[in-house]
1. Which ones in segment A:18-65 are surrounded by fewer than 18 Cβ atoms within 10 Å (Cβ to Cβ) and of a type in the set (D, E, K, R)?
2. Are there any pairs with C-beta distances below 6 angstrom linking a residue in segment B:100-113 that is more than 7 Å from chain A (Cβ to nearest Cβ) to a residue that is at pLDDT below 95 and surrounded by fewer than 21 Cβ atoms within 10 Å (Cβ to Cβ), with the two at least 6 apart or on different chains, and if so which?
3. Pull out all pairs, ordered by first then second residue, where Cβ-Cβ is under 8 Å, the residues are six or more apart or on different chains, the first lies in segment B:34-46 and is under 10 Å from B:SER87 (Cβ atoms), and the second is of a type in the set (Gly, Ala, Ser) and part of a strand (DSSP E or B).
4. Can we say A:LEU74 is at pLDDT 95 or above and either within 18 Å of B:CYS91 (Cα to Cα) or not in a strand (DSSP E or B) (or both)?
Amino acid sequence: QKEVEQNSGPLSVPEGAIASLNCTYSDRVSQSFFWYRQYSGKSPELIMSIYSNGDKEDGRFTAQLNKASQYVSLLIRDSQPSDSATYLCAVISAYSGAGSYQLTFGKGTKLSVIP
Amino acid sequence: DVKVTQSSRYLVKRTGEKVFLECVQDMDHENMFWYRQDPGLGLRLIYFSYDVKMKEKGDIPEGYSVSREKKERFSLILESASTNQTSMYLCASSSRTSGNEQYFGPGTRLTVT
């Protein structure tokens, strides 16, 4: 059973600080990794994808991937109260045929940004 | 922008009823998925489809079936609703040519009484 592990939190950070969200995965051959943001009562929204080792930046968000350590993280700089949400890590897992893949999701880390 | 829509935002059904949840995407994605999300259990895959008329079981298919007659539409059917199927149901779609990123619909919160 492929697993994706996240600290459930809640992670509380003051407004303006850097929030660091972490995720580990069990399948060494995974190649694609995603971060989703989910506000309470809403559906997950894709915010970052990363496929290569290293950092990928998009605005205030930076995704970091270390395949050797089977570790992916999301940094949120200058955190805002509007960033308060649950963040889900997802990893490509099973091959579904015809070039398609399933994702395995972590259970999410709840982030609270305190004004 | 990818648009995934679901037929109902909230639904209340009685035990034993047959329930249809419909999902439509407008991005010509090959793959479509049905998940349910429950507190403490995360997202769990019920069924998915990677082509018209193709379907594969996910992790928790018992009590559910699916139909995909057209590329843009993927239906989830609860043959005989039970109270333990009360949940948030989420549909997603993805394209194998764009990294298999999944995009979600707004969800249907189903309550079975």
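1. Residues satisfying the conditions are A:ASP27, A:ARG28, A:LYS42, A:GLU45, A:ASP55, A:LYS56, A:GLU57, A:ASP58, A:ARG60.
2. Partner pairs satisfying both residue conditions: B:THR108/B:SER8.
3. Hits for this filter: B:TYR35/B:ALA92; B:ARG36/B:SER87; B:GLN37/B:SER87; B:ASP38/B:SER87.
4. Judged against the criteria, A:LEU74 is not a match.
The values are calculated or read from the model by the stated rules, or taken from the named source; none is laboratory data. Computed from a prediction, not measured in an experiment: that's the story for all the values here. We place every Cβ from the backbone using ideal geometry, glycine too, and count neighbours over all the protein chains shown.
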